[in-house]
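Enquirer: Pasting a structure here, questions to come.
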Amino acid sequence: VYPVNEGMEIFTNTERVRKSRKMTLELILSTHDRKCLSCVRSGTCELQQLCKEFGVDDEGRFDGANPVHEYDDSAIHMIRDNGKCILCRRCVAACQAQHISVIGANARGFDTHIGSAFERPLDSVACVSCGQCIVNCPTGAIYEKDDTAKVLEAINDPEKYVVVQTAPAVRAALGEEFGYEIGTDVEGKMVAALRRLGFDKVFDTNFSADLTIMEESHELVERVKNGGVLPMITSCSPGWIKYCEHYYPDELDHLSTCKSPQQMFGATIKTWYAQKMDIDPAKIVSVSVMPCTAKKFEVGRDDQDAAGFADVDISITTRELARMISGAGINFNLLPDEQYDNPLGEGTGAAVIFG
């Protein structure tokens, strides 16, 4: 924060600087819940990495009083554990950037913590489940609810027929978890990994993105011909739908009435596909791998049960899939490239660019 002047020489890695940074880390760690072995961010935690770089011991010289925080698991999609919060406020900035601002710094001094207004749980405020706070958190203070145990339970049940769909974005994000350059397309290895995890069929959400394009186009034509509300806005994102419901309820008539690609796919699986394959939809477990935590909220919404059962039973994120692959001992980098199952593994270029 010191003003820069002409001719100034700046040293960023002197002994004095390193001692100062180490002391800051020790102070942060002194009020930190150090359950690193069981933390979902162990190995990818910025605090953990910095403490390793600066040689910070687990038994810190500043240990003393430790504030007790509420553990908030009220939201459908995520958990807030302030015992691991370092008050960096990145989550607050991300929430503000989304124009939501349902979290901020409460109290002052030693009692400062991140929370909602009046200490309300997250499920009682206008959170849209976008998950951007999770993306920006450097520690394990905020993380998505892990539903991988439910998926594995279904896979291990011989009475269940477990089908998985993957969103277009997942194939471009999953590789990062296994050391690939950001944005690398790992579709083939992802499909191979899903088969080895035990899914009965591996399908592509691009199929239902095409359905969404056709359904929304048909609805738009009907609105134009019959004087419907215009402009029509897509309904493909549950985070955006929730945002509109919370903050712009007077604009709801502009939203398309179509289900999202995730839900259309689930509905297709438990109606048309179930009939064609002669499978009882009650025995089908429909799993989706999605880039957005709002999809966890969407699967439980009303009227998402075309066959009388939930269109999608479980939605997991890219990060959860990566943990499943690693936990199963699958060497992702050595997997062959495999193709999606037909016919619900096919899609057009329009589906790819739909998002």
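The values are calculated or read from the model by the stated rules, or taken from the named source; none is laboratory data. It should be emphasised that the depicted structure is a prediction, and the values quoted were computed from it without experimental measurement. For neighbour counting, all protein chains shown are included, and Cβ atoms are generated from backbone atoms with ideal geometry for every residue, glycine included. For accessibility, only protein heavy atoms count, side chains too; no ligands or nucleic acids. Shrake-Rupley method; radii C 1.70, N 1.55, O 1.52, S 1.80 Å.
Enquirer: Taking Cα atoms, how many degrees apart are the long axis of helix 206-226 and the longest axis of the chain, rounded to 10 and kept between 0 and 90?
Expert: Around 70 degrees separate the two axes.
Enquirer: Also: For region 39-92, with all protein chains present and a 1.4 Å probe, just round the carbon and sulfur fraction of the accessible area to a whole percent.
Expert: So the carbon and sulfur contribution to the accessible surface is 49 percent.
Enquirer: OK, next. Find which of MET78, VAL135, SER20 sits farthest along the positive direction of the dipole of region 1-141, computed with +1 on the beta-carbon of Lys and Arg, -1 on that of Asp and Glu, about the Cα centre.
Expert: Among MET78, VAL135, SER20, the one farthest towards the positive end of the dipole of region 1-141 is SER20.
Enquirer: Can you tell me the orientation of helix 187-197 relative to the chain, as the angle in degrees between its alpha-carbon axis and the longest Cα principal axis, to the nearest 10?
Expert: 90
Enquirer: With a ≥ b ≥ c the root eigenvalues of the C-alpha gyration tensor of region 277-345, is it rounded (a/c under 1.5), prolate (a/b larger than b/c) or oblate?
Expert: The shape class here is oblate.
Enquirer: Among the lysines, which have Cα under 27 Å from the Cα of LYS19 when same-chain residues fewer than 8 positions away are ignored?
Expert: LYS35, LYS52, LYS84
Enquirer: Moving on. Tell me the accessible surface of HIS99 in square angstrom (1.4 angstrom probe, heavy atoms of protein chains only), to the nearest ten.
Expert: Estimated to the nearest 10 Å², HIS99 gives 130 Å².
Enquirer: Mean residue ellipticity at 222 nm from the helices of the chain, using -39,500 (n - 2.57) per DSSP H segment of n ≥ 4 over the full residue count, to the nearest 500 deg cm²/dmol?
Expert: -9500 deg cm²/dmol
Enquirer: Calculate how steeply helix 238-247 sits against the longest principal axis of the alpha-carbon atoms of the chain, using the helix alpha-carbon long axis, and give the answer as 0 to 90 degrees to the nearest 10.
Expert: The angle comes out at about 70 degrees.
Enquirer: State to the nearest 20 debye the size of the charge dipole of the chain about its Cα centre, where the only charges are +1 on K and R beta carbons and -1 on D and E beta carbons.
Expert: Roughly 900 debye, rounded to the nearest 20.
Enquirer: Given the whole protein assembly as supplied and a 1.4 Å probe, what does the accessible area of THR271 come to in Å², nearest 10?
Expert: Accessible area of THR271: about 40 Å².
Enquirer: Skip the ligands, DNA and RNA, and give the accessible area per residue of region 105-250 with a 1.4 Å probe, whole Å².
Expert: Accessible area per residue: 48 Å².
Enquirer: Sequence-distant or interchain residues sharing an amide H contact under 5 Å with ILE284, placed H: which?
Expert: TYR161
Enquirer: Going by the alpha-carbon gyration tensor, a ≥ b ≥ c the square roots of its eigenvalues, is the chain rounded (a/c under 1.5) or, if a/c is not under 1.5, prolate (a/b greater than b/c) versus oblate?
Expert: Taking the square roots of the gyration eigenvalues as a ≥ b ≥ c, the chain is prolate.
Enquirer: Using Cα centres only, tell me the gap between region 148-202 and region 230-259 in whole Å.
Expert: Between the Cα centre of region 148-202 and that of region 230-259, the gap is 30 Å.
Enquirer: Setting aside same-chain residues fewer than 8 positions from LYS276, which lysines have a Cα under 16 Å from its Cα?
Expert: Result set, ordered by chain and number: LYS201.
Enquirer: Could you give the length gained by full extension between SER326 and LYS150, i.e. 0.36 nm per residue of separation minus their alpha carbon distance, to one decimal place?
Expert: 61.7 nm
Enquirer: For region 46-149, what is the relative contact order in percent, using Cα pairs closer than 8 Å and at least 6 residues apart in sequence?
Expert: 32 percent.
Enquirer: I need the peptides 20-27, 145-152, 310-317 ranked by packing, meaning the mean over residues of other C-beta atoms within 10 angstrom, with the highest value on top.
Expert: 310-317, 145-152, 20-27
Enquirer: When only the heavy atoms of the protein chains count and the probe is 1.4 Å, how do ARG301, ARG16 rank by accessible area, highest first?
Expert: Of ARG301, ARG16, the descending order of accessible area is ARG16, ARG301.
Enquirer: Need the full-extension length gain, ARG108 to ALA350, defined as separation in residues times 0.36 nm minus the C-alpha distance. One decimal, nm.
Expert: Using 0.36 nm per residue and subtracting the Cα-Cα distance, I get 82.0 nm.
Enquirer: Rounded if a/c is under 1.5, else prolate if a/b is larger than b/c, else oblate: which is region 21-63, with a ≥ b ≥ c the root eigenvalues of its Cα gyration tensor?
Expert: Oblate, because a/c is 1.5 or more while a/b does not exceed b/c.
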